[in-house]
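Chemist: Mind having a look at this structure? Questions to follow.
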Amino acid sequence: MSDKVLVFYGSYRSDRMGVRLADYVVSGLAARGADAEMVDAKVVDLPMLDRMYKEYPKGAAPAPMEALAEKIRNADAFVFVTGEYNWGPQPGLKNLTDHFLEEWFWRPAAIASYSAGRFSGVRSGTVWHSILSEMGMVVISSSLAVGPIAQTLDASGSPIGSAGAALDRSFIRFADDLAWWTEAAREQRARKPPPY
């Protein structure tokens, strides 16, 4: 059984560098046998949060929101690829995430951060840890931090140079950790219904 993993990416900028990391994560997970799919907040293009998915009458949510809710419910795990804006999370990714709540429950999440500089987006990654935990996900302890991203991944998301080689080495543990928690959560949900 392939793990269904959604990889969320949230930059709305015209010159998006982080999509390289999202592509890298999707390709890396797929190479390991996962059914990995990128969800691009800019493409989904939900409006600024007015109503959460659960606040719409059944069948009345906008079509993109309904389709994404179904994908989230059917996923086994999530990866959040986040840049860092003024020490915080990208508003596009945060807005997309906030439209849902119960749909996230009882599945593992992983964080991959990036920046153009040497801090690799880790401050945003740290903020995301508490956000995802509050939203009912189990956040794995392994993370990826990529920076400077332009010296780590080329435009197609392929690793370059020594930084790219280091990312490849880190990805093994990251993916192993996510796969372990994905299997554990899936088996527990099959064994016993979640408490709420």
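Read-outs throughout are calculated quantities, based only on the coordinates presented, and are distinct from any laboratory measurement. Fair warning: this is a prediction, and the values are worked out from it, not measured in the lab. Positions of Cβ are backbone-derived with ideal geometry, glycine not excepted, and every protein chain shown enters the neighbour counts.
Chemist: Which lysines does residue 58 reach when only Cα atoms under 19 Å apart count, and residues fewer than 8 places away in its own chain are ignored?
Modeler: 71
Chemist: Which cross-chain or sequence-distant (5 or more) residues have an amide H under 5 Å from the amide H of residue 7, H modelled 1.01 Å from N in plane?
Modeler: 37, 38, 39, 79
Chemist: Which ³J(HN,Hα) values in Hz, rounded to whole numbers, follow from the phi angles of the stretch 81-97 under the Karplus curve 6.51 cos²θ - 1.76 cosθ + 1.60, where θ = phi - 60° and Gly and Pro get x?
Modeler: 9, 10, x, 10, 10, 6, 6, x, x, 5, x, x, 5, 5, 4, 4, 4
Chemist: Now for a separate question. If each residue of separation counts as 0.36 nm, what is the full-extension length gain between residue 156 and residue 63 once their alpha-carbon separation is subtracted? Let's see the in-between values first.
Modeler: On the way: separation 93, 0.36 × 93 = 33.48 nm, distance 3.04 nm.
Using 0.36 nm per residue and subtracting the Cα-Cα distance, I get 30.4 nm.
Chemist: Another question, if that's okay. State the answer as a single residue: which of 21, 47, 140 lies farthest towards the positive end of the charge dipole of the chain, with beta carbon charges of +1 for Lys and Arg and -1 for Asp and Glu, about the Cα centre.
Modeler: Value computed over the given set: 140.
Chemist: Express in whole angstrom the spacing between the alpha-carbon centres of the stretch 89-131 and the stretch 1-56.
Modeler: About 11 Å separates the Cα centre of the stretch 89-131 from the one of the stretch 1-56.
Chemist: Using only Cα atoms and rounding to the nearest 10 degrees, what angle (0 to 90) does helix 63-74 make with the longest principal axis of the chain?
Modeler: 80 degrees
Chemist: For the stretch 1-133, what class follows from the C-alpha gyration tensor (a ≥ b ≥ c being the square roots of its eigenvalues): rounded when a/c is under 1.5, otherwise prolate if a/b is larger than b/c, else oblate?
Modeler: Oblate shape, in that a/c is at least 1.5 and b/c is the bigger or equal ratio.
Chemist: So, R0 is 30 Å and r is the distance between the beta-carbons of residue 196 and residue 56; what FRET efficiency does that work out to, to 0.05?
Modeler: On the way: r = 21 Å, r/R0 = 0.70.
For R0 = 30 Å, the calculated efficiency reads 0.90.
Chemist: Same structure again: Give me the net charge for the shell around residue 92: Cβ to Cβ below 12 angstrom, other residues only, Lys and Arg +1, Asp and Glu -1. Walk me through the intermediate numbers first.
Modeler: Values: positive: 13, 16, 42, 94; negative: 40, 45, 98.
Every neighbour counted, the sum reads +1.
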